[in-house]
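Read the structure below first, then the notes.
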Amino acid sequence: MTTISLCMIVKDEQEVLARCLDSAAGIADEVIIVDTGSTDKTKEIAARYGRVVDFDWQDDFAAARNFSFAQATQLFILWLDADDIITPENRERFLQLKQELDDTTDVVMLPYHTAFDERGRPAYTYYRERLLRRAAGFRWKGAVHECITPRGNIKYGDAAVSHRKEKAPDSDRNLRIYERLLARGETLDARGQFYYARELMMHGRYAQAVSAFETFLQRPDGWVENRIEACRNLADCLLALGQRDSARQALVCSFAMDCPRGETCCALAGIEMEDGRLSQAKFWYETALRAPYAEQNGGFVKPLCYGYLPCLGLCVCCDRLGRHAEAAEWNERAAVYWPESPAVAYNRRYFAGLH
């Protein structure tokens with residue numbers, strides 16, 4: 001069995017910190033909480049669980065993470081955010097993983113669930129570098145949306161972490177940091193360029209976001225999963241600007257990067273359906289059903305795009321094409337993925353009325 005240091009960076013997290021640390025009970029052999037300037041009871045709560053260390057905030061998340069890692073003394077380092085939780089079943093998976101790990105592993109990639117549907121099931125997930133061998137000397141990079149590039153012997157596991165926010169974040173913070181970096185004349189790396197474009201998009205600055213995404217896609221060093229997501233984000237921005245044909249082209253461009261993803265196919269189908277091109281929409285929903293589930297590539301995955309949403313979309317397409325029996329069959333196939341779906345229930349009443 002290995003040993004684990006849990007390293008966290010926090011600021012004003014009194015509402016959620018105990019929830020996070022309680023959920024991770026028994027996993028770590030030491031807990032190190034780096035406080036970046038709390039003015040509430042965060043440090044008081046943190047002291048009940050482990051060692052608290054102060055760090056002067058520098059508008060640089062990687063710097064804070066690296067400082068927290070430098071305090072670790074155990075064989076592996078686990079990182080969490082204060083608004084993360086580990087469910088009881090995933091806590092057992094972590095404990096089992098701890099039993100199995102040895103110093104031949106450098107990085108353990110684990111699922112990160114960041115959005116949830118009405119059933120509480122993950123609706124948006126991707127893999128993160130969650131456990132890292134301390135002696136390997138990994139370093140965080142990126143002032144915002146910081147990351148560690150995995151290397152060495154990489155292991156994938158199923159012990160998931162869930163991101164459960166309880167308060168609205170400072171929505172301007174990340175964009176503010178990026179714009180300060182650019183104002184100082186600094187050049188963003190590929191990952192930074194991608195996330196800068198996303199921040200512009202989330203702030204509704206669509207024309208600037210389009211330019212930023214196009215700049216990212218022209219770079220030769222962008223990670224393929226970020227490139228595929230950039231095509232989808234670029235399409236969303238172009239749609240917001242009323243450029244529907246350009247949005248289609250942006251989505252199709254991602255097919256040159258890897259196998260078509262369910263999310264991309266559903267996005268194309270949605271555009272075609274809105275434009276009344278039902279046969280084309282049906283084709284893309286059918287393609288989504290055949291798309292490989294790419295979660296372990298580390299990219300952003302919306303599980304509903306690999307079953308439920310394509311089936312429901314095919315139900316609507318077939319109904320509008322006058323093929324009601326086939327539409328009803330697709331509705332029942334959607335029910336396999338989500339038996340309690342309100343949309344499925346509504347469609348059943350609709351088809352019953354037709355008869």
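Couple of notes before you dig in:
- Residue in the stretch 105-118 that is at pLDDT below 95 and polar (S, T, N, Q) present: yes
- Selection count where residues are outside any helix (DSSP H, G or I) and surrounded by fewer than 20 Cβ atoms within 10 Å (Cβ to Cβ), scope the stretch 318-340: 5
- For the stretch 19-45, a residue qualifies if it is under 22 Å from residue 59 (Cα atoms) and outside any loop (DSSP other than H, G, I, E, B), and the qualifying residues are 32, 33, 34, 35, 42, 43.
Results for (1) touching a strand residue (DSSP E or B) at 6+ places or on another chain (Cβ under 9 Å); (2) surrounded by fewer than 19 Cβ atoms within 10 Å (Cβ to Cβ); (3) within 21 Å of residue 131 (Cα to Cα); (4) without any contact (Cβ under 8 Å) to a residue 60 or more places away in the chain, shown as yes or no for each residue.
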position	(1), (2), (3), (4)
4	yes, no, yes, no
8	yes, no, yes, no
11	yes, yes, no, yes
28	yes, no, yes, yes
34	yes, no, yes, yes
48	no, yes, no, yes
61	yes, no, yes, no
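- Any hit, the stretch 206-222, residues being under 22 Å from residue 290 (Cβ atoms) and aliphatic (A, V, I, L, M): no
Okay, residues lined up against (1) closer than 29 Å to residue 15 by Cα; (2) out of contact with any Phe, Trp or Tyr (no Cβ under 8 Å at 6 or more places or on another chain):
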position	(1), (2)
74	yes, yes
77	yes, no
83	yes, yes
87	yes, yes
90	yes, yes
94	yes, yes
100	no, yes
103	no, yes
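- Residues that are among the basic types (Lys, Arg) and assigned to a helix (DSSP H, G or I) were ranked within the stretch 184-205; the one that is farthest from the chain's Cα centre (by Cα) is 191.
- Residue match in the stretch 84-101 (condition: of a type outside the set (A, V, I, L, M, F, W, C) and under 20 Å from residue 142 (Cα atoms)): no
- Of all the residues in the stretch 142-167, those that are surrounded by fewer than 16 Cβ atoms within 10 Å (Cβ to Cβ), farther than 24 Å from residue 96 by Cα and under 18 Å from the mean Cα position of the chain (by Cα) number 3.
- Restricting the stretch 106-159 to residues that are out of contact with any strand residue (DSSP E or B) (no Cβ under 7 Å at 6 or more places or on another chain) and not in a loop (DSSP other than H, G, I, E, B) leaves a set whose member that is farthest from residue 188 (Cα to Cα) is 135.
- In the stretch 65-89, residue nearest to residue 1 (Cα to Cα) [restricted to those that are in contact with an Asp or Glu (Cβ under 8 Å, 6 or more places away or on another chain) and either assigned to a helix (DSSP H, G or I) or among the aliphatic types (A, V, I, L, M) (or both)]: 75
The values are calculated or read from the model by the stated rules, or taken from the named source; none is laboratory data. Note that the coordinates shown come from a computational prediction; the quantities given were computed from them, not determined experimentally. Virtual Cβ from ideal backbone geometry, glycine too; neighbours counted across all protein chains shown.
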